[in-house]
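Everything below concerns the one structure shown next.
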Amino acid sequence: QVQLVESGGGLVQPGGSLRLSCAASGSISSIAVMGWYRQAPGKRRELVATITNVASTNYADSVKGRFTISRDNAKNTVYLQMNSLKPEDAAVYYCYLRNIYNYNSWGQGTQVTVSS
């Protein structure tokens, strides 16, 4: 069983920054992809950004140029640096992991609120 522990959410004003972290532990097989999804009230969960084990990244169009995903393979940790935050970025952010056997794991989620 894989455990994903997220941290770094909170309240920030529009234009501000936050950095999310997600540490994976437990029965970790080779990690293929880690990343972040988000879900706002009344909306479907959507991809924010992913990063593979060879550091190939993928971003939602809505966050390109503002968010940066990175990964520390030695620590099994993924980060999401979020800059120039907008009210529409407010959501619960979920950490995601897929191993080489295509098994998916999810974190509990961390709330990001963007409001003045």
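The values are calculated or read from the model by the stated rules, or taken from the named source; none is laboratory data. All values reported here derive from a predicted model rather than from experimental measurement. Ideal geometry is used to build each Cβ from the backbone, glycine not excepted, and the neighbour counts take in all protein chains shown. The protein model used for the area step is the full one, side chains on, heavy atoms only, and it has no ligands, DNA or RNA in it. Shrake-Rupley method; radii C 1.70, N 1.55, O 1.52, S 1.80 Å.
Taking the range 1-63, which trypsin sites (Lys or Arg not before Pro) meet the DSSP loop condition and have no more than 12 other C-beta atoms within 10 Å? When the trypsin sites (Lys or Arg not before Pro) of the range 1-63 are filtered for loop state and at most 12 Cβ neighbours within 10 Å, Lys43, Arg44 remain. Measuring with a 1.4 angstrom probe and ignoring ligands and nucleic acids, Val92 comes out at about 40 Å² accessible. Asp61 sits among other residues whose Cβ lies under 15 Å from its own Cβ, and their net charge, with Lys and Arg +1 and Asp and Glu -1, is +1. Of the chymotrypsin sites (Phe, Trp or Tyr not before Pro) found in the range 18-116, those in coil by DSSP whose Cβ has at most 13 other Cβ atoms within 10 Å are Tyr101, Tyr103.
Evaluated at q = 0.10, 0.16 Å⁻¹, a Debye calculation over the C-alpha positions of the chain (equal weights, vacuum) places log10 I(q)/I(0) at -0.26, -0.67.
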